[in-house]
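To start, the structure under review is shown below, and the notes come after it.
Nothing in this text is a laboratory measurement; each read-out follows from the coordinates by a stated rule. Predicted model only: the values in this text are computed from it and were never measured. Quick reminder, even Gly has a Cβ in these numbers, built from the backbone with ideal geometry, and neighbours come from all protein chains shown.
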Amino acid sequence: IRSMLNIARVESQDIKLNLVPSDLNQIIENSVELMKPLATDKSIEIKSDLSPLFLIQIDPILIKEALINIIENAIKYSPLQSSIKIKSYEETDFVVVQIQDNGIGIPDEELKNIGQKFFRSQSVPDSIKGTGLGLFLVKYFVELHSGTMDVASSLNKGTNVTLKLPNR
């Protein structure tokens, strides 16, 4: 429902950035805390390696929504008793956040479709529910900030989602 409401806002172009100086690591930690019950249900450990960062100008609500989507996907597509790694660091003009899982992965030929509305990988079992809107919204929210989303994946080995946000 949350994704559908966000899609309606995106399509009506009703999303305006509310840029404020924000602690990205705090937003990451809050997002992880919200997803912990889901991770605990699957005995998944979320490990964080967050470098000290300066405040950056972002819309904390949209970035938190993006992070929650990625973390939720990482949990959903990872096997029981696995781990998810979240890392943040600065790189020249960007702040980088990487979220890596050990999940089912995405075939190489489908990677170009990641971030398209309603796209779901053919490798996803029917038992895992989803709308194919999560990474579309992540990409949209990050690009609103003049940032990028990159997805690297290996089938049956996991996925690494990298977000780059301008360090301003």
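Seen from Tyr89, the other residues with C-beta closer than 14 Å to its C-beta sum to a net charge of -1, counting Lys and Arg as +1 and Asp and Glu as -1. For Ser31, neighbours were defined as the other residues whose beta-carbon sits under 11 Å from its Cβ, and their charges (Lys and Arg +1, Asp and Glu -1) total -2.
The gain in end-to-end length when the Leu55 to Gln81 segment is fully stretched comes to 5.9 nm, 0.36 nm per residue minus the alpha carbon separation. The residues neighbouring Asp108, those whose beta-carbon lies less than 15 Å from its own, together hold a net charge of -1 under the Lys/Arg +1, Asp/Glu -1 convention. In this simple spin-label approximation, Arg168 and Lys36 carry label points 7 Å from Cα along the Cα→Cβ vector, and these lie 3.5 nm apart. Fully extending the segment from Asp108 to Glu45 would add 20.0 nm, taking 0.36 nm per residue of separation and subtracting the current Cα-Cα distance.
For the range 33-168, the equivalent ellipsoid derived from the Cα gyration tensor has semi-axes of 23, 18, 13 Å, listed largest first.
Sorting the segments 149-157, 134-142 by their mean number of nearby beta carbons within 10 angstrom, highest to lowest, gives 134-142, 149-157.
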